[in-house]
Each structure stands twice: as structure tokens, then as C-alpha cells.
Amino acid sequence: MTSVSMTVNGKSVTADVAPNTLLVQFIRENLRLTGTHVGCDTSQCGACTVHVNGDSVKSCTMLAVQADGAEVTTIEGLANGADLHPMQEAFKENHGLQCGFCTPGMIMSAVDLVKRNPNPSEETIRKELEGNICRCTGYHNIVKSVKQASENMGG
Amino acid sequence: MYSFEYERPKGISEAVGAVGEDDKFLAGGQSFLPTLKLRLAQVDKLVDLGSIAELKGITVSGNEVSIGAMTTHATVASSADVKSSIPALAHLAAHIGDAQVRNRGTIGGSIANNDPAADYPSALVALGATVHTNNRTIAAEDFFVDLFETALEEGELITKVTFPIAEKAGYAKFPNPASRFALVGVFVAKTASGVRVAVTGAGPSVFRQGDMEAALDSNFSPDAVKGIKTDASGLNSDIHASAEYRAHLISVMASRAVAAAS
Ligand SMILES: Cc1cc2nc3c(=O)[nH]c(=O)nc-3n(C[C@H](O)[C@H](O)[C@H](O)COP(=O)(O)OP(=O)(O)OC[C@H]3O[C@@H](n4cnc5c(N)ncnc54)[C@H](O)[C@@H]3O)c2cc1C
Ligand code: FES
Ligand code: FES
């Protein structure tokens, strides 16, 4: 076992984990934050996307021990109490989801993409979301949601 | 994943000292962790390079761009220095995989892995880059040996890659629509010592296309390579594309790479 300490959604956590524990396992099973989903477990779908030190990563393709000392944000960390994050609000308003399975990862990727591209074109949004797969929506309303959120986020 | 031990040293010599016969370095983990998860590999220990500050970063001096082994694809793609000195290299990095893969994956990990469909090998060979390790330097052309095989010895650590700045360079790839890996990628560089054309994705490992180099030496234009064929024998054939189709794509991508060169 190896000891890891990290800050998750603003709270510091420390635990002993086996080195082969994935970050997503740690988040879901140790911390019981089940908003981060596992879709494929093969680095393809992006359902497991979280932020590590502000950058979007696939938490099924990172070890918990690699996040030692890092700041991690999951979907549970975006809202401010009862106030949804502008990205969450925009997905709700634009019907940017159907079953919702891909949505946590989609939103975490979208927040990162708007951080890097404050005023993204539709083309940029589509390219930047290449790492996130949705089986329901056909993406159209997702792109609309991200576009609107980027405007509301002051881009 | 089978179980393993884990170590995260702070320096190059500690990392080299820590890696034993059945151990592996871990960079961004974007190739190796999926391999471990599929149990296609097993290690006693992973030596994580993530805390070694001297392996990260980009510097430009004189006629050379130097990129630390642990520099991520996202950092190369967004670097103002790379964009101004070798824009084709920033373009290449910006089209590797997806945003999350680019945030973790590194240049050192990509070239050590030498996936036949990886993007970076073509840039290293076309630009005439040098791979620096903990104990020697290796010319890019000698570095990439064969399918998933490089000139690295057991336990040898890549520290950085240095790229001479070309007069002009361009990269074009036909991405696999699912993974974005190159079905075929062609990197063209106009250097002081002539034009170099390197092809990835098409064969077991990156290779130079000599006929195209000769044609571009006398006429550096997209049309100069359009009619030049590559022999399909020995090229990769799989569910995504036949060897003949890949051979055809080499001419198309080479022509686009020349058109994009700046
Ligand atoms: C969904 C997906 C899509 C992708 N698409 C593309 C693509 O379009 N184009 C492309 O080129 N790649 C693609 N990749 C691969 C990606 O670029 C990887 O990041 C890269 O191949 C490996 O880099 P890494 O830093 O993650 O290395 P790791 O996975 O950590 O390591 C890979 C290997 O290199 C060794 N190694 C790492 N660093 C060093 C070093 N400094 N010295 C010696 N040995 C070292 C490790 O021991 C290991 O054997 C994709 C990956 C995924 C998951
Ligand atoms: S579960 Fe991580 S990418 Fe699909
Ligand atoms: S809403 Fe069902 S997978 Fe995207």
C-alpha cells in the first residue's frame, strides 16, 4: 500500500491505496463520489473525465498515486451549493443530455475547453470534445449547450 | 492490472537507479496504463517520471528547439516558441488523440513506445532530430528500429529531443476516425541539407520516401509529389485500410503536407 494525499473538490483527503488503483476507482469507491462514470474503461469514451490541476484527464487512465499532491475536481465540485455551474445550467436549458451517462465527463471536458478557448466556434467545440462519446444525443444539443455556457462564462 | 510497486523519484539519476530489469518508466500513462489494464504487460515496479522537473519544458536557442521528454502534447501544441519556430510540430501535437490524451501524453512516452501509427516519429525523422538519453545521443533515424522497437537499451531514459529549425515544414495525416492515430501521416521538412519526407502509420515503423525527397528538392510544390507512387509491399494492411490504400494515401498526404508547409 502507498499513502496518497490530494485535494478533491476543495477538501483534502489522505488514504492508503494499492499502487494499481485507478484514480477513478479511488474517486468512486474510496471517496464515494459516483458522479464520475466509467463507460469503457479503455481510454476511449471520456465518461470518467475529471480535472487534475485544472486540466481534463481520463481518470480511468491515471493511477491514484499519480495524483498525489494534486488538486482534483469532479462533477460534484462544480456547483456552488444550490447554484449550478453555468455549464451545468446550459446543459439543462438546451437539453444537452438524454440518458445522462456521458454528461459528467462531457461537462468536465467542456469546462476545460472553454478555459482554453474562451469564445469557441462550433468547430472548435466539436474538435475539443473528440475525447467524449455520447450514444444518445447526436451531439447537436451538447454543442449548443457549450456555446451558450461559454457566453455566460464571460468568454 | 496485476499488482506492482510504485516509486516517484525527483531526479534523472534516481530514476535510472530505481528501474530494475522487470520495471518500467511511467510517463503520461496514455499507452502503458491501457496495456497494463489489458494484462498485456506486467511489471514489478513503475518508476513514475512525473515529478522530475528537469524533464519538462521547451527551450529555443539559436537554430534548435529542445523539448523535455515529459513535456505533454498539450504543452507542445500551445507553445508560442514551437508555433513560431516549427509550426508544423505544434500542429502535429494538437492533432494527437483528444484533449484529455494531450493533457497527459508526453513526447518521450510516444517515441519510446514507437507505435507504428504514432505521429511524432515522422516529425523527428523528417526534421533530423536528436534523441538525448541519460547516457548518449541518438539520431532519430537510428532511434526508430521496428514495430514498437527503438534503439533504447533496458532502463535507458529519454531526457529530451532536440529539433533543428527547418526552413519550412508541414504535416498532414489521415486520422483513424475513432482513435485519431495516423492511418497515414506524412511530415515534410525543407532543411539546409535538402528536403526530407517521413511517413508514419503506413509501415511497421516510420520511414523516409526518397523519391519524393528528390522530386521536392528540385520543385518544392504540392504537385511535385502527387504522381509519385510508393510500393505497397510491406505496408500495413488491417480492417481500417489495405496496404494499397495506404500507399495511395502517402502521395495525397505528402502533397497536403507540402501545401501546408510554413
Ligand atoms: C484514445 C487515445 C488516442 C491516441 N491517439 C494518438 C494519436 O492520434 N497519435 C499518437 O501519436 N498517439 C496517440 N495516442 C498515444 C498517446 O500519444 C500516448 O500519450 C503516447 O503514445 C505515450 O506517451 P505517454 O507519455 O502516455 O507514455 P506512457 O504510456 O507512460 O509510456 C509508454 C512507454 O514509454 C516508456 N517511456 C515513457 N517515457 C520514457 C522516457 N522518458 N524514457 C524511456 N522510456 C519511456 C514507458 O516505459 C512505456 O513503455 C493515443 C492514446 C489514446 C489513449
Ligand atoms: S471510462 Fe475512461 S475513457 Fe471511458
Ligand atoms: S446522453 Fe446518453 S450517452 Fe450521452
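Listing for the model above:
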| read-out | value |
| --- | --- |
| Failed item in (1) closer than 21 Å to A:Val72 by Cα; (2) of a type in the set (D, E, K, R); (3) free of Cβ contacts under 8 Å to residues at least 24 places away in the same chain, with A:Asp112 passing the rest | (3) |
| Checklist (1) without any contact (Cβ under 8 Å) to a residue 60 or more places away in the chain; (2) more than 13 Å from chain B (Cβ to nearest Cβ); (3) of a type in the set (A, V, I, L, M) applied to A:Val8, failing item | (1) |
| Positions within the range B:165-185 being surrounded by fewer than 19 Cβ atoms within 10 Å (Cβ to Cβ) and over 15 Å from the mean Cα position of the chain (by Cα), in sequence order | B:Ile165, B:Glu167, B:Lys168, B:Asn176, B:Pro177, B:Ala178, B:Ser179 |
| Qualifying positions in the range B:178-205 - within 11 Å of ligand 1 (Cβ to nearest atom) and either at pLDDT below 95 or not polar (S, T, N, Q) (or both) | B:Ala178, B:Ser179, B:Arg180, B:Phe181, B:Ala182, B:Leu183, B:Gly185, B:Gly201 |
| Listing of strands (runs of 3 or more DSSP E) fully contained in the range B:1-94 that carry 3 or more residues being more than 18 Å from the chain's Cα centre (by Cα) and within 25 Å of B:Thr162 (Cα to Cα) | B:58-61 |
| Residue within the range A:63-72 that is in contact with a Leu (Cβ under 6 Å, 6 or more places away or on another chain) and within 28 Å of B:Phe181 (Cα to Cα) present | yes |
| Search result, residues across the range A:104-155 that are of a type in the set (D, E, K, R), in contact with a Lys or Arg (Cβ under 8 Å, 6 or more places away or on another chain) and more than 10 Å from every other protein chain (Cβ to nearest Cβ) | A:Glu122 |
| Elements of type strands (runs of 3 or more DSSP E) contained in the range A:48-145, each with 3 or more residues being within 14 Å of ligand 2 (Cβ to nearest atom) and in contact with a Cys (Cβ under 7 Å, 6 or more places away or on another chain) | none |
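The values are calculated or read from the model by the stated rules, or taken from the named source; none is laboratory data. None of these values were measured; they are calculated from a predicted model. Here Cβ is always computed from backbone atoms with ideal geometry, including for glycine, and neighbour counts include all displayed protein chains.
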